[in-house]
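*Asks:* Please read through the structure below; I'll follow up with questions.
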Amino acid sequence: MNSSNKVIKFQSLTEKIGRFDLKDKIFLIPQMNRIGSHLLAATFRGFGIHAKVMYTCKGLELGQEYTSGKECYPCQITMGDILYYMKNEKERLGDSFNPENYIYFMPEADGPCRFGMYNKYQRIVLDSIPELNKLKIGSLSTEDGYSLDGIIDKRHVRELRKTAYFSVVIADVLDRLLWRIRPYEKEPGVTDEFIERSMHIMEEVFQECGPKKDFDKILDRLEVIIREGKGIIDPDIPKKPLIGIVGEIYLRTHVQANQDIIRVLERYGAEVLNASIAEWVNYTTYDKLRDARIGFWLNLKKLRLGKVKEHFNKILDFGIELLYQEFKQKQVYRRVRSLIDLSGDHKIAHLENILREEDLFNFDIGTEACLSIPGIVEYVREKFNGVVNVYPFTCMPSTITSAISRPLMTKYKVPYLDTPYDSSTQPGREAAIRTFMYQADQHFKRNGRKMKD
Ligand code: SF4
């Protein structure tokens, strides 16, 4: 890098990160949870956007080359994913390669942790590479509840938003189906093959039915998949200890990053339930509604009527949005649970109430600790046999979760395990999981398992 490349142009952070029109662009989506990313891309494609899911972790070495090691692990992985993808595109297309044809998707969150800085940091790296400095970063933020305004034709924003949310819920259901069936499969490997096939079927369904908002047809197809999936379960395999996962959203859902922890737990005798992605989406809407309510009352006290009106409108917008999300999610789970015993999701207001009742944490602080801590309490109340907290090494919210939850789990006498990850392999990790599963099995033998079976 020559010295002129080291100059950070802050203008670039506003001009080349943000919401850009996706028309005629290739929209590159990083792979977090595999199914969710693919259904989201299919939804975008249905609306005429050329969306692609990037392969993941293949460029980890590049990610490491362009980071110092102090960044969160997901930042390193996604950095590598985009650099590797663009390197391959450049090799494939030769002289016709043009970085301006792509928009790289990297959302952000406000609040006290580093997620809001990933796209800034990645912008600085891209700016330092002459052939990539024109690649724009498409960013949605929790600040405005992941608004999609400006990225497609105004007339379709609402439909896209609703269908994208629906795809998140359906992806959660497919993931839950995998975790429900795989520990009890008749033949090893069939569930993975079945879920992969089902994901591709649902991609086609979303592409076709998403823009028409034909959610009934999507659910009809899901129903066929669930019926087929039930046939994979061997009814003679007895129920296993039930383990709940909480933690940082990227790590707990990115199979390569978490070294396939769910499969490892299953290998030692568990049935696992991971916290969902829709929970995070609902949380961001809930949090915006909560902020608007606080702003409304503060401004009312000071008689700032313009601000009162502004916050009132936000309360309406986010309130309607949250109601819609919760209604849709409930509708899907109601239909799914009439066919198979999958766990549903909790309302975010319920999770906040748990924190208040138990005086453990506060939504004013924000971050995923708001979900993980009450999520753990809820797992305990529902008689799970153990809880695992999955997160990137040095992750702030998950370290808070660990500090609060460890003593709590000792009090509840429920096995608990912290599993921080980076790109290295911890030699004692497998032994720790095995020991944890031994404890969970003892808990299961003494107490049985989840009440709602
Ligand atoms: S949640 Fe954790 S891993 Fe993600 S940005 Fe914040 S500190 Fe980093």
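*Asks:* Please list, or write none, the lysines whose alpha carbon is within less than 20 Å of the alpha carbon of Lys302, excluding same-chain residues fewer than 8 places away.
*Replies:* In chain and number order, the partners are Lys314.
*Asks:* Testing the spin-label approximation: label points 7 Å from Cα along Cα→Cβ at Glu228 and Val157. State their distance in nm.
*Replies:* In this crude spin-label approximation the distance works out to 3.8 nm.
*Asks:* Another question, then. Neighbour counts of other C-beta atoms within 10 Å: give me Asp236, Asp287 arranged from fewest to most. If you can, show how the numbers build up before the last one.
*Replies:* Details: Asp236 7, Asp287 22.
Going from sparsest to densest Cβ surroundings: Asp236, Asp287.
*Asks:* Is the stretch 32-92 best put as rounded, prolate or oblate by its Cα gyration tensor, with a ≥ b ≥ c the root eigenvalues, rounded for a/c under 1.5, and otherwise prolate when a/b is larger than b/c, oblate when not?
*Replies:* In terms of gyration-tensor shape, oblate.
*Asks:* Hey, another quick one. Counting only C-alpha contacts under 8 Å and six or more residues apart, can you give the relative contact order of the chain as a whole percent? Working shown, then result.
*Replies:* Working: 662 pairs, mean separation 74.6, N = 453.
So the answer I get is 16 percent.
*Asks:* Between Lys212 and Glu357, with labels modelled 7 Å along Cα→Cβ, what's the label distance in nm to one decimal, could you check?
*Replies:* Taking the two extended label points, one gets 4.4 nm.
*Asks:* Holding the Cα-Cα limit at 31 Å, pick out from Lys16/Lys52; Lys136/Lys330; Lys186/Lys347; Lys230/Lys445; Lys154/Lys230 the pairs that are longer than that.
*Replies:* Among Lys16/Lys52; Lys136/Lys330; Lys186/Lys347; Lys230/Lys445; Lys154/Lys230, the Cα-Cα distance tops 31 Å for Lys136/Lys330; Lys186/Lys347; Lys154/Lys230.
*Asks:* How high is the relative contact order of the stretch 205-323, in percent, with contacts defined as C-alpha pairs under 8 Å that are six or more residues apart?
*Replies:* Here the relative contact order equals 18 percent.
*Asks:* Between rounded, prolate and oblate, where does the stretch 311-387 land on the alpha carbon gyration tensor, with a ≥ b ≥ c its root eigenvalues, rounded for a/c under 1.5, else prolate if a/b exceeds b/c?
*Replies:* oblate
*Asks:* Taking 7 Å along the Cα-to-C-beta vector as the label spot, tell me the Leu300-Thr394 distance in nanometres, rounded to one decimal.
*Replies:* Label at Leu300, label at Thr394, 4.5 nm between them.
*Asks:* Another question about this same structure. Starting from the amide H of Asp418, placed 1.01 Å from N in the peptide plane, find each other amide H under 5 Å away whose residue is 5 or more places distant or on another chain.
*Replies:* Amide H to amide H, under 5 Å and 5 or more residues apart or across chains, Asp418 pairs with Asn389.
*Asks:* Sticking with this structure for a sec: By count of other Cβ within 10 Å, fewest leading, how are Trp280, Trp297, Trp179 ordered?
*Replies:* Trp297, Trp280, Trp179
*Asks:* With contacts defined as alpha carbon pairs under 8 Å and 6 or more residues apart, what's the relative contact order of the stretch 301-453 in percent?
*Replies:* That works out to 19 percent.
*Asks:* Assign one of three labels to the chain, namely rounded, prolate or oblate, based on the Cα gyration tensor with a ≥ b ≥ c the square roots of its eigenvalues; rounded applies when a/c is under 1.5, prolate when it is not and a/b is larger than b/c, and oblate otherwise.
*Replies:* rounded
*Asks:* What is the set of long-range amide H partners of Gly386 at a cut-off below 5 Å, with H atoms built 1.01 Å from backbone N?
*Replies:* Answer set, sorted by chain and number: Gly244.
*Asks:* Long-range amide H contacts for Leu140: which residues qualify at under 5 Å (H placed 1.01 Å from N, peptide plane, sequence gap of 5 or more or a different chain)?
*Replies:* So Leu140 has HN proximity to Met106, Glu108.
All of the numbers you see were taken from the coordinates with simple rules; none came from a lab. A quick note: this is a predicted structure, and the numbers were derived from the prediction, not measured. Note that we place each Cβ from the backbone using ideal geometry, even for glycine, and neighbour counts take in every protein chain shown.
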